Amino acid sequence: MWGSENLFRNVFRNFLKIEQRDKEFGETGRISARSSTLLFFNFFIAFTLCSYLYFSSRFNINSSLLLALVTSIIFTFLQQLGFRIASLISGELNAIWPIVQLTRQTWQFGGIIFLMLAIIWVLNKKQAPVFITIYFVIVGVLLLFRLIKGISFSVNFKITWYYFILYLCTLEILPLAVLMKLVVDYSGVKF
């Protein structure tokens, strides 16, 4: 059904591999299209569920569900749109496919992690503050790891500085800034 007996090993290896030196970015440890699609749906559903659990600690059920769906849709949409706009503006169209692979690797790994978190969170709802913190840490780690891999990719493939700046601003720094704002607002820390 999943297309490979090594699916989870490939997902973890692809995500944790920082440097991509070969021209066929992401081709080692290949995951079938069907498995990749199922892993994307797993990411979307697990991320939405974790977002719902976060919002349900603050809002009613209907508002929480709506906010969780909107959050997941906006998150996935922005991660797909930002680098494409940066590629079109800078003319670095050859950078689109490797960043699609980078995004796919992040979502595949993140979906597995968010699914485990959601299951444990649902079973231990009394520990919501702990799980909310873990939720934001996982989102932050995924975005930070993606930033590191994006920088490594840009350096290894000799991407122009203009595209690199656009890429960082639209795809990496903005989501991290929004995440930090949410964490600061949630934790009540004042700077």
Review point. Does Arg30 count as at pLDDT below 90 and within 22 Å of Val122 (Cα to Cα)?
Key: no
Check your understanding: Among the residues of segment 36-53 satisfying the criterion of being of a type in the set (Gly, Ala, Ser) and touching a helix residue (DSSP H, G or I) at 6+ places or on another chain (Cβ under 6 Å), which is nearest to Leu102 (Cα to Cα)?
Key -> Ala46
Review point. When you go through Phe40, Phe59 one by one, which is the residue that is surrounded by 12 or more Cβ atoms within 10 Å (Cβ to Cβ), outside any helix (DSSP H, G or I) and at pLDDT 75 or above?
Key: Phe59
Review point. Just wondering, is there one or more residues in segment 139-158 that are among the hydroxyl-bearing types (Ser, Thr, Tyr) and modelled with pLDDT of 85 or more?
Key: no
Exercise for review: Could you tell me whether any residue of segment 126-134 is modelled with pLDDT of 85 or more and charged (D, E, K, R)?
Suggested key: yes
Exercise for review: Considering each residue of segment 45-79, count those that are in contact with a Ser or Thr (Cβ under 8 Å, 6 or more places away or on another chain) and closer than 18 Å to Ile138 by Cα, and give that number.
Suggested key: 9
Review point. Regarding Phe25, is this residue of a type outside the set (Val, Ile, Thr), assigned to a loop (DSSP other than H, G, I, E, B), more than 17 Å from the chain's Cα centre (by Cα) and at pLDDT 75 or above?
Key: no
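The values are calculated or read from the model by the stated rules, or taken from the named source; none is laboratory data. Everything quoted here is computed from the prediction, not taken from an experiment. Positions of Cβ are backbone-derived with ideal geometry, glycine not excepted, and every protein chain shown enters the neighbour counts.
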